[in-house]
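J.: Please find one structure pasted underneath; my questions will follow.
Every number in this text was worked out from the coordinates using simple rules, so none of it is lab data. For clarity, every value in this text was computed on a predicted model and none was experimentally measured. Don't worry about glycine lacking a Cβ; one is built from the backbone with ideal geometry, like all the others, and counts go over all protein chains shown.
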Amino acid sequence: MSADSRGEAEPDKEAGRATPGAHLRAELRRLGLDQVAVSKATGVSRQSVNNIINGRQPISRAMAGKLGRLTGHSSDYWLSESFSEGGPAPYTADAAPRVAGAGLLVNHQIARAVKDGIIGIKPFVAENLRAASIELTLHTSVSTASATAIDIGRAKRFELAAGVAVQASTVESIELPRDYLGRIGAAAALCRHGILASTALHIEPGFKGRLHFHLFNAGGSPFPLRADDPVIVLEILRLAATPDDKATA
């Protein structure tokens with residue numbers, strides 16, 4: 001019988017307990033998933049999934065976060081050394097922010113997803129969280145339309161004149177899994193002065209790196225840009241399904 005087709009967790013030496021791999025096998029059976037589906041959903045190889053299920057590889061913290069997203073349990077749940085054979089523990093408040101389902105992440109869900117390694121925001125500053133987004137800060141240089149780089153680090157600033165645009169980027173580096181996307185716009189402090197952020201419609205699933213965008217001063221007076229000031233607001237959304245690997249026209 002193949003590992004994919006086994007439906008019940010196999011007990012370890014302690015009666016009534018199951019190993020993490022055996023419990024994962026039973027959970028996948030409950031959810032109607034096979035190893036291929038888990039591989040696609042978590043972004044790890046099928047061989048790694050098979051190794052975990054068959055006890056040849058431990059569940060790492062990063063993998064625990066991915067399994068948490070897939071099953072609705074917290075990453076700490078999946079880092080347990082053994083599990084009851086009576087079935088999965090009921091959902092708790094600790095796991096509630098990570099229950100499966102599409103939608104916009106709120107502040108505590110963003111913080112939990114970063115802690116569990118599901119999404120990456122480096123550096124992560126909890127004070128920059130808003131109700132359903134997180135503010136990202138301005139990098140130490142901006143570029144003018146003539147591609148001239150201007151250093152705004154070390155307490156310097158650049159006066160963005162009315163009617164002028166610059167290219168900029170975030171201090172933070174972002175990493176999204178294949179079933180999440182991002183949306184960004186100008187932070188509220190910039191919007192109040194007529195500063196617009198121009199970028200693509202979405203930050204695509206699987207994106208990794210700093211965010212790049214243009215800032216345009218549509219207001220009537222110069223606006224100071226300083227490194228490390230909040231400049232962009234990032235919303236993070238979980239998709240209803242993982243996109244196909246094939247690019248669409």
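J.: Tell me, LYS208, LYS156, LYS115 in order of fewest to most beta-carbon neighbours within 10 Å?
T.: Placing the least packed residue first, the sequence is LYS208, LYS156, LYS115.
J.: Describe numerically, in nm with one decimal, the distance between label points set 7 Å from Cα along Cα→Cβ at GLU81 and at SER45.
T.: Between GLU81 and SER45, the simple spin-label model gives 2.9 nm.
J.: Going 7 Å from the Cα of ASP151 along its beta-carbon direction, which residues of the range 223-243 have the amide nitrogen within less than 12 Å of the resulting point?
T.: Inside the label zone: nothing.
J.: Nearest 20 debye, what's the magnitude of the dipole of the chain about its Cα centre given +1 on Lys and Arg Cβ and -1 on Asp and Glu Cβ?
T.: Dipole about the Cα centre, nearest 20: 260 debye.
J.: Moving on to the next point. Could you run the Karplus curve 6.51 cos²θ - 1.76 cosθ + 1.60 with θ = phi - 60° over the range 142-150 and give me ³J(HN,Hα) per residue in whole Hz, x for Gly and Pro?
T.: Once θ is set to phi - 60°, the couplings for the range 142-150 become 10, 10, 7, 4, 8, 6, 7, 7, 10 Hz.
J.: Between ILE121, ILE232, ALA37, whose Cα lies farthest towards the positive end of the dipole of the chain when Lys and Arg beta carbons carry +1 and Asp and Glu beta carbons carry -1, centred on the Cα centre?
T.: Value computed over the given set: ILE232.
J.: So I have (i) 18.1; (ii) 19.5; (iii) 20.2, and one of them is Kirkwood radius over Cα pairs in Å calculated from this model. Which one is it?
T.: The listed entry that was calculated here is (iii).
J.: Got a sec? Charge dipole of the chain, +1 on Cβ for Lys and Arg, -1 for Asp and Glu; which of SER221, PRO58, HIS193 is way out at the positive end?
T.: SER221
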